[in-house]
Amino acid sequence: MIHRALKNELGDIFAITNHQEIASDVFFHILKNKINKGLSFIQIREKNLSKKDLITFIGQIKEVLKKTDVKIVINSSIELAYEFDLDGVHLTSKQLYELEKFPKDLLVGVSCHSKKDLQVAEKKHADYAVLGPVKKTSSHPNSNFLGWEKFRNLAERSNIPIYAIGGMKINDVPISFNRGSIGIASQRDFWNF
């Protein structure tokens, strides 16, 4: 059986927005360029925007992507996923445990950091997981990171598609494939590739 996330043709790069570090006009110019180069999956993750600004940003993203096949998920908000008719929601590891059931009519991804997280994600029928951090990151310099071998051990024992996250660069895509991943997730470096 082909997993639903793979049926939805998720790409090998899962782009995560980073509007706070990139000027708006520059961000949308880069986004259009990335779409032309084959971007197919994006997460809107803007925790520092006000609700009003986030709603505006969602509208702008939808406008840019309206004539494309790019899948759009939003971080943490099932309500906004429905309100804006997005493809899905990306849940935090905290939400993974808080929610009894996941929406069946949305693409649902989860952030995972351990074997237990992946097991719970699989049990609750997540469509994909993001596992990490694989490497040290500038946003979490003091966090423990998995490294590629621990990542491989976890990914190869999971039955859901997994993206590697944490310090990922474009040259990590083939490495991630060799470690049991369907690709990488990137919030910073992707916008600079």
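Observations on the structure shown:
- Any hit, segment 44-61, residues being within 15 Å of Ala129 (Cα to Cα), polar (S, T, N, Q), part of a loop (DSSP other than H, G, I, E, B) and touching a residue at least 12 places away in the same chain (Cβ under 8 Å): no
- When residues of segment 125-149 are limited to those that are among the polar types (S, T, N, Q) and farther than 24 Å from Ile72 by Cβ, the one modelled with the highest pLDDT: Asn144
- Taking residues in segment 27-42 that are in contact (Cβ under 8 Å) with a residue 12 or more places away in the chain and exposed (fewer than 14 other Cβ atoms within 10 Å of the Cβ), and partners anywhere that are of a type in the set (Val, Ile, Thr) and assigned to a strand (DSSP E or B), not one pair has Cβ atoms closer than 6 Å while being at least 6 places apart or on different chains.
- So Asp25, is it acidic (Asp, Glu) and modelled with pLDDT of 95 or more: no
- Those residues of segment 100-119 which are touching a strand residue (DSSP E or B) at 6+ places or on another chain (Cβ under 8 Å) and either over 18 Å from Gly183 (Cα atoms) or open to solvent by 40 Å² or more (accessible area, probe 1.4 Å) (or both), in sequence order: Phe102, Pro103, Leu106, His113, Asp117
- In segment 79-92, the residues that are surrounded by fewer than 18 Cβ atoms within 10 Å (Cβ to Cβ) and not acidic (Asp, Glu): Leu80, Tyr82, Phe84, Thr92
- Residues in segment 62-88 that are of a type in the set (A, V, I, L, M, F, W, C), in a helix (DSSP H, G or I) and within 18 Å of the chain's Cα centre (by Cα): Leu65, Ile78, Leu80, Ala81.
The values are calculated or read from the model by the stated rules, or taken from the named source; none is laboratory data. Bear in mind that the values here come from a model prediction, so they are computed numbers and not experimental data. Every residue, glycine among them, receives a Cβ derived from its backbone with ideal geometry; neighbour counts consider all protein chains shown. Please note that ligands, DNA and RNA were not included when accessible areas were found on the heavy atoms of the full protein model with its side chains. Shrake-Rupley method; radii C 1.70, N 1.55, O 1.52, S 1.80 Å.
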